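The values are calculated or read from the model by the stated rules, or taken from the named source; none is laboratory data. The shown structure was predicted, so the numbers you read here are calculated from the model rather than taken from an experiment. In this analysis, Cβ positions are derived from the backbone assuming ideal geometry, glycine residues included, and neighbour counts consider all displayed protein chains. Quick note on the areas: whole protein, heavy atoms, side chains included, nothing else; ligands and nucleic acids left out. Shrake-Rupley method; radii C 1.70, N 1.55, O 1.52, S 1.80 Å.
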Amino acid sequence: MPDAEPSCASPTALGAPTVTHLHGGHTPPESDGYPTDLVQPGARRDYVFPLEQRAATLWYHDHRMDYTGPQVWRGLAGFFLVGDEEESALPLPSGERDVPLMICDRSFAADGTMPYPARDGGPGAREAFMGGVLGDVILVNGAPWPRLGVDRARYRLRLLNGSNARTYELALPPGGTLTQIGSDGGLLAAPRTLERVRLAPGERADVVVDFAAYRVGDHVELRNLLEEGAQARVMRFTVERDARDDSAIPKTLSRVEPLDPAKATVTRDFQFTSGDLHGHTGWMINGKPFDARRVDAKPRLGDIEIWRLTSDVAHPVHLHLAGFQVLSVGGERPSGPPEWKDTVELREAQTVEIITRFTGYRGRYVLHCHNLEHEDMAMMSTFEVV
Ligand code: C2O
Ligand code: CU
Ligand code: CU
């Protein structure tokens with residue numbers, strides 16, 4: 001090593017431009033990782049994250065325009081956990097029993113490399129991968145189908161779908177329950193018991209699993225119900241010992257104030273569909289490909305707005321800067337109290353209405369599909385808070 005500089009102050013040694021984005025961060029625009037704010041190889045840039053926001057399971061990843069898919073595929077992604085006093089006052093499982101799990105899929109060549117099916121001579125993936133790049137091996141925190149030894153006690157699992165394009169429905173063996181306590185934007189108002197947790201790319205769910213429901217020696221497999229065979233396997237817990245457990249799941253976790261649709265100043269429409277991108281198929285928002293010189297919406301600082309998102313095929317839609325609440329899915333109000341999200345899955349031919357409030361910072365941010373191949377093939381739009 002040539003010098004003793006801390007790595008955080010060193011210029012990037014990567015052979016490609018990068019952009020760092022804190023997903024779910026309430027971040028000033030200069031530090032939000034706008035897709036053209038490139039850090040060139042050998043250069044450095046300081047990002048400032050004030051983190052004036054609730055405790056939440058965030059993550060960071062590359063956001064380089066046109067090349068986010070391949071760069072995240074190669075590993076430029078990680079967890080970023082935000083805590084606060086409200087959360088640390090709760091008796092939730094913590095320390096060794098608070099386990100972040102980043103789930104993604106990759107395919108490997110015989111020599112162990114992870115080739116990415118890039119389109120010749122341009123950004124995006126080859127035509128056959130228009131729908132998104134899927135891998136046939138499921139990785140958790142970078143390891144294929146790993147195993148974790150656990151106590152007979154409650155664990156908090158912070159589940160993140162860090163995949164380029166794959167959606168999961170995660171479940172324990174029949175009879176096993178997952179108690180969800182948190183979502184993209186932090187704690188739910190109250191816990192909810194689920195048999196399965198569905199996560200589209202970019203989404204997070206914090207769940208508690210009580211391994212005291214099993215016996216020492218039991219293997220408990222976390223599975224993906226959307227697949228059979230290898231892609232159904234995610235990871236395995238082995239119950240290793242009896243242990244003392246002082247944790248609990250309180251009946252009330254937090255307060256989530258509902259945003260009032262009557263207070264919205266405007267409703268905007270965003271259509272997520274395929275379209276022609278310089279002679280090949282790409283992905284558009286309101287019929288237009290991403291263009292960093294164009295601003296598609298100008299919400300005012302402090303305003304509440306309703307955004308109506310409509311899909312052709314499924315698209316996980318992510319909004320920078322502002323967390324939101326889901327008002328309706330296919331015309332129906334979601335069951336249960338509101339929760340803070342930053343990414344929402346539009347299923348095929350569906351309309352989802354979200355309500356949000358733009359606070360904190362003026363400037364340019366993006367709205368985009370979090371299927372990274374769709375994003376790279378132009379399914380992104382700029383809004384400017386004014
Ligand atoms: Cu997770 Cu705009 O990104
Ligand atoms: Cu983001
Ligand atoms: Cu999409």
Coarse-grained scattering of the range 195-234 at q = 0.22 Å⁻¹, given as base-10 log I(q)/I(0) from a Debye sum over alpha-carbon atoms: -0.93
Per residue, how many Å² of accessible area does the chain show with a 1.4 Å probe? 44 Å²
Charge context of Asp218, other residues only, Cβ under 11 angstrom, K/R +1, D/E -1: +1
For the range 72-97 and the range 290-343, compute the distance between their C-alpha centroids and round to whole Å. 24 Å
After finding the eigenvalues of the alpha carbon gyration tensor for the range 69-211, what semi-axes result from the square roots of 5 times each, listed largest first in whole Å? 32, 16, 14
Honestly the range 173-303 on the Cα gyration tensor test (a ≥ b ≥ c root eigenvalues; a/c under 1.5 rounded, otherwise a/b vs b/c for prolate or oblate) is just oblate
Can you pull the Rg over Rh of the range 18-120, Cα-only, Kirkwood? 1.04
Give me P(r) over the range 28-73, computed from all C-alpha to C-alpha distances, binned every 10 Å, as integer percentages. 22, 50, 26, 2
Given a 1.4 Å probe and every protein chain left where it sits, what share in percent of the accessible area of the range 11-147 is carbon and sulfur? 55 percent
Take the chain, drop everything but the C-alpha atoms, weight them equally and run the Debye formula without solvent; then report log10 I(q)/I(0) at 0.11, 0.12 Å⁻¹ to two decimals. -0.80, -0.96
What is the sum of charges, Lys and Arg at +1 and Asp and Glu at -1, for the other residues whose Cβ falls under 12 Å from the Cβ of Pro146? +2
Over the range 285-347, with a single point scatterer placed on each C-alpha, what log10 of the ratio I(q)/I(0) does the Debye formula yield at q = 0.21, 0.24 1/Å? -1.11, -1.36
Hand me the tally of lysine pairs in the chain: alpha carbons under 23 angstrom apart, and the pair either on different chains or 8 or more positions apart. 5
For the range 200-277, the Cα convex hull volume per residue in Å³ comes to 206 Å³
So what's the back-of-envelope 222 nm ellipticity for the chain, counting only DSSP H runs of four-plus at -39500 (n - 2.57) apiece and dividing by all residues, rounded to 500? -500 deg cm²/dmol
Within a Gaussian network of the chain (alpha carbon springs, distance under 10 Å), most fluctuating of Lys341, Lys288, Lys298: Lys298
I'd like the per residue volume of the convex hull spanned by the Cα atoms of the range 225-356, given in cubic angstrom. 207 Å³
Ordering 139-152, 174-187 by per-residue average of other C-beta atoms within 10 angstrom, highest first, gives 174-187, 139-152
Using heavy-atom solvent-accessible surface (probe 1.4 Å) with all chains present, what is the largest-first order of Ser335, Ser247? Ser335, Ser247
Computed over the Cα atoms of the range 168-209, the Rg and Dmax in Å are 10.1, 29
